[in-house]
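In what follows, a single structure is set out as structure tokens and then discussed.
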Amino acid sequence: MITKCITVYTGDYEVFSDIYEEILALDLAENEEVEIEGITVSDSGEVSIEYIEKMKQKPEVAVMKIRDRNILIMQHGDIFEILIPA
């Protein structure tokens, strides 16, 4: 399974949730970077299932699943990664 990764550079969950829908509406090209409300958002290309499984095992990674959209969100350090099946 190929998964597209969008990286959001903020450690603040409230800020992330405020711009989440706007991020999903973006049509970013691979490696394209934009700024939304002062937060950098970039398309980080595709990630493998192995990367996702490895990250999910780390205790410092918070994992959220949006079931109705089949989206996985991982938060670690000062970034959120939105993983969308391609």
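Residues in segment 42-86 that are part of a strand (DSSP E or B) and not hydrophobic (A, V, I, L, M, F, W, C): Ser42, Asp43, Ser44, Gly45, Glu46, Lys65, Gln75, His76, Glu81, Pro85.
Taken over segment 46-70, the criterion of being in contact (Cβ under 8 Å) with a residue 40 or more places away in the chain and under 22 Å from Gly11 (Cβ atoms) is satisfied by Val47, Ile52. Looking at Gly11, is it assigned to a strand (DSSP E or B) and in contact (Cβ under 8 Å) with a residue 24 or more places away in the chain? Against the criterion (assigned to a strand (DSSP E or B) and in contact (Cβ under 8 Å) with a residue 24 or more places away in the chain), Gly11 does not qualify.
Filtering segment 17-33 to residues that are over 10 Å from the mean Cα position of the chain (by Cα) and either aromatic (Phe, Trp, Tyr) or surrounded by 15 or more Cβ atoms within 10 Å (Cβ to Cβ) (or both) leaves Ile19, Leu28. Picking from residues in segment 38-63 that are at pLDDT below 95 and of a type in the set (Asp, Glu), the one that is surrounded by the most Cβ atoms within 10 Å (Cβ to Cβ) is Glu46.
When segment 22-41 is limited to residues that are of a type outside the set (A, V, I, L, M) and in a strand (DSSP E or B), the one that is farthest from Lys4 (Cα to Cα) turns out to be Glu35.
The values are calculated or read from the model by the stated rules, or taken from the named source; none is laboratory data. Fair warning: this is a prediction, and the values are worked out from it, not measured in the lab. All Cβ positions, glycine included, derive from the backbone under ideal geometry; neighbour counts span all protein chains shown.
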